[in-house]
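In what follows, a single structure is set out as structure tokens and then discussed.
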Amino acid sequence: MSKPLHDTLHKVTQRVIENSTASRRAYLDLIAREADNMGDRSAVSCSNLAHAFAGALEDQSALVAAKGPNIGIVTAYNDMLSAHQPYGRYPDRLKIYAREVGATAQVAGGTPAMCDGVTQGETGMELSLFSRDVIALSTAVALSHAMYDGALMLGICDKIVPGLLMGSLRFGHLPTIFVPSGPMPSGIPNKEKQRVRQLYAEGKASRAELLASEMGSYHSPGTCTFFGTANSNQMMMEMMGLHIPGSAFIQPGTKLRQALDREAVHRVAAIGPKSADYRPLGRCVDEKAIINAAVGLLATGGSTNHAIHLPAMARAAGVIFDWDDLSELSGAVPLIAQIYPNGSGDVNHFHNAGGMGFVIGELLEAGLAHRDILTVGRGDLSDYAREPGLDEDALVWRDVGASMDDTMLRPVAHPFKPDGGMRLVAGNLGRACFKTSAVDEARWTVEAPCRIFEDQASVAAAFKAGELDRDVVVVVRFQGPRANGMPELHKLTPALGVLQDRGFKVALVTDGRMSGASGKVPAAIHCTPEALGGGPLALLRDGDMVRLCAKTGALSTDADLAARIPAPDPAPESGTGREIFTMMRRFADGAEQGASAMMTVAGL
């Protein structure tokens, strides 16, 4: 028998509901108006309709007759990004599935989909976070034609799913289902990949050896298999009930993957505004769904990037959620999954051990998730505590049972760690996130002189020169959203890991990001206020003692910051298109609010 809702979960949920009262009411009023304004195409002029139907070929007569719902497909397909390569052929298949239930489907539009793995350490990374806003805007453009009774979102990776959700929530009167394509098969063991990276950082492996190792890991279509932001996205879509249950980690090209895709089309056609089971996206994504997403993030040790994405996604639905909420939930939600980089196995191993069905079942039984959310499935979140399979060619769901590998998945009663490993640290250096789930507890406190840097290249140069061979807090500043778009600083991880392995006490403090691949080095990331404009990090000097402690929640220095003049703001960089993102940098809000220019300008 399930336990009653956990006291902390209830308390945080009620606080979020209260803080969101006015904004949530305004949002629900918006989507009600949109349903009235965009819900009946009989009032649309024949010329407009003709333009919309002209390219529909064999679906023209069905569109003219308006016998069934018309589904808008928003796709983030490109074949440079491995996770999105399978989407190339999806629209043709989805249209066939729509016809099976008397519906039609059209590609409403496309969005960009950049790969943070390709842009790591390169100037293109400075466009990455703001690509989320561009994706949201592109989604809004796609759905603005008032031709659709529902929508399918084809996207998986880091900024793509948050952007698709933020954009589609502005059309929250439409039922909307997210359709993943699944992870690539497992490659070389993750520990081997990590070993070669550190050898290369020390100059003990060649570039050819490093490339061979990396291609042994990232080797075919599908999502990268480590539990970074992309796979954390898929986990959260399950926790929010926005997938067909169990869809997240089924590999591309399999019969089961195709059956789930087919079910997504059939289901979105069945939950439209003219059905008896209307399930609009804006009603599905409410305060409880956002809390569920946060709980899933904590229970699985997911990406730190979602400390930024969750508040932004929540705001798009009129929900106010911040780092106090996330940190308080973290104290109550145990870590029940260990997936690389927190553990040795990848998302395929995780799925085979019980995956999201096991996680959701455990959380529900322990009173650590809201069962009574409106999902895109046939019921509530209980549907997501099972795993999909095929009985001959029929799609079925089965009970998951016990974990098949307790090195990856454990019950709530016997977790890997008693808390969710996402802690708020704060002090006279600002507020930041510390992901403890991948860091040995003995390293949760670091107090050492700091060394100040303003870019990753300078850190790498100092490391190679031996200047960091000591106890040190590496501060990388002017990496916030308004400074340069808040790039991921994941390339710092191997060098800092080497210093730690040499026996030094090492920590990172930055107003930049470290991504879902952040690992064993203690780090205070997303520091806000950012350094640009005189934030606390701009007042630090080389040699200042800095204290970072996940146990006490400290992020501080003994230096008299009030007596100092901040370091000058760096001049904005140009090239790689960065100059045309000036508006987004200028209007971006803080990391804790979601680091979004679009939401700020829109007054959300």
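Of the residues THR225, THR229, the single one that is crowded, with 23+ Cβ neighbours inside 10 Å, in the same structural domain as GLY345 (by TED's automatic domain parsing), farther than 29 Å from ARG279 by Cβ and β-branched (Val, Ile, Thr) is THR225.
Exactly one of (1) closer than 22 Å to LEU154 by Cβ; (2) buried (at least 24 other Cβ atoms within 10 Å of the Cβ); (3) among the hydroxyl-bearing types (Ser, Thr, Tyr) is unmet by SER220. Its number? (2) is the only condition that SER220 fails.
Okay, residues lined up against (1) of a type outside the set (Gly, Ala, Ser); (2) under 25 Å from GLY318 (Cα atoms):
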position	(1), (2)
SER181	no, no
GLN194	yes, no
LEU242	yes, yes
GLY253	no, no
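Evaluation of ALA56 against the conditions (1) under 20 Å from LEU174 (Cα atoms); (2) surrounded by fewer than 19 Cβ atoms within 10 Å (Cβ to Cβ) shows that the sole unmet condition is (1). The helices (runs of 4 or more DSSP H) found entirely in region 276-331 that carry 3 or more residues being closer than 22 Å to ASP29 by Cα are 281-284, 287-300, 306-316. Against the definition (in a strand (DSSP E or B) and more than 24 Å from the chain's Cα centre (by Cα)), how does SER574 come out, yes or no? When the stated conditions are applied, SER574 does not pass them. Considering ALA588, ALA567, ALA538, ALA563, which residue is loosely packed, with under 15 Cβ neighbours inside 10 Å and of a type in the set (Gly, Ala, Ser)? Just one listed residue meets the conditions, ALA563. Across region 210-251, the number of residues qualifying as farther than 23 Å from ILE360 by Cα, assigned to a loop (DSSP other than H, G, I, E, B) and more than 17 Å from the chain's Cα centre (by Cα) comes to 4.
To keep it simple, each residue is scored yes or no on (1) among the acidic types (Asp, Glu); (2) in the same structural domain as PHE226 (by TED's automatic domain parsing); (3) touching a Lys or Arg at 6+ places or on another chain (Cβ under 6 Å).
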| site | (1), (2), (3) |
| --- | --- |
| LEU335 | no, yes, yes |
| VAL347 | no, yes, no |
| ILE360 | no, yes, no |
| LEU364 | no, yes, yes |
| ASP383 | yes, yes, no |
| ASP405 | yes, no, no |
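Restricting the search to region 11-47, which residues are surrounded by 14 or more Cβ atoms within 10 Å (Cβ to Cβ) and more than 32 Å from the chain's Cα centre (by Cα)? Passing the criteria: ARG41, VAL44. Take the conditions (1) part of a loop (DSSP other than H, G, I, E, B); (2) out of contact with any helix residue (DSSP H, G or I) (no Cβ under 6 Å at 6 or more places or on another chain); (3) surrounded by 23 or more Cβ atoms within 10 Å (Cβ to Cβ); (4) not β-branched (Val, Ile, Thr); ALA524 misses just one of them, which is (1). Residues that are touching an Asp or Glu at 6+ places or on another chain (Cβ under 9 Å) and either among the β-branched types (Val, Ile, Thr) or surrounded by fewer than 24 Cβ atoms within 10 Å (Cβ to Cβ) (or both) within region 269-289 comprise ALA270, ILE271, GLY272, PRO273, LYS274, LYS288, listed in sequence order. In region 66-177, counting only helices (runs of 4 or more DSSP H) that sit wholly within it, the ones holding 1 or more residues that are more than 28 Å from GLY253 (Cβ to Cβ) span 128-143, 160-169. None of SER403, SER344, SER382 is surrounded by fewer than 24 Cβ atoms within 10 Å (Cβ to Cβ), over 30 Å from GLY590 (Cβ atoms), at pLDDT below 95 and of a type in the set (S, T, N, Q) except SER344. If the condition is being over 18 Å from ASP286 (Cα atoms) and touching an Asp or Glu at 6+ places or on another chain (Cβ under 7 Å), then region 17-70 contributes PRO69, ASN70. Looking across region 162-198 at every residue that is closer than 30 Å to GLY109 by Cα and among the hydroxyl-bearing types (Ser, Thr, Tyr), the one that is surrounded by the most Cβ atoms within 10 Å (Cβ to Cβ) is identified as THR176.
The values are calculated or read from the model by the stated rules, or taken from the named source; none is laboratory data. Everything numeric in this text was worked out from a predicted model, so none of it was measured. We place every Cβ from the backbone using ideal geometry, glycine too, and count neighbours over all the protein chains shown.
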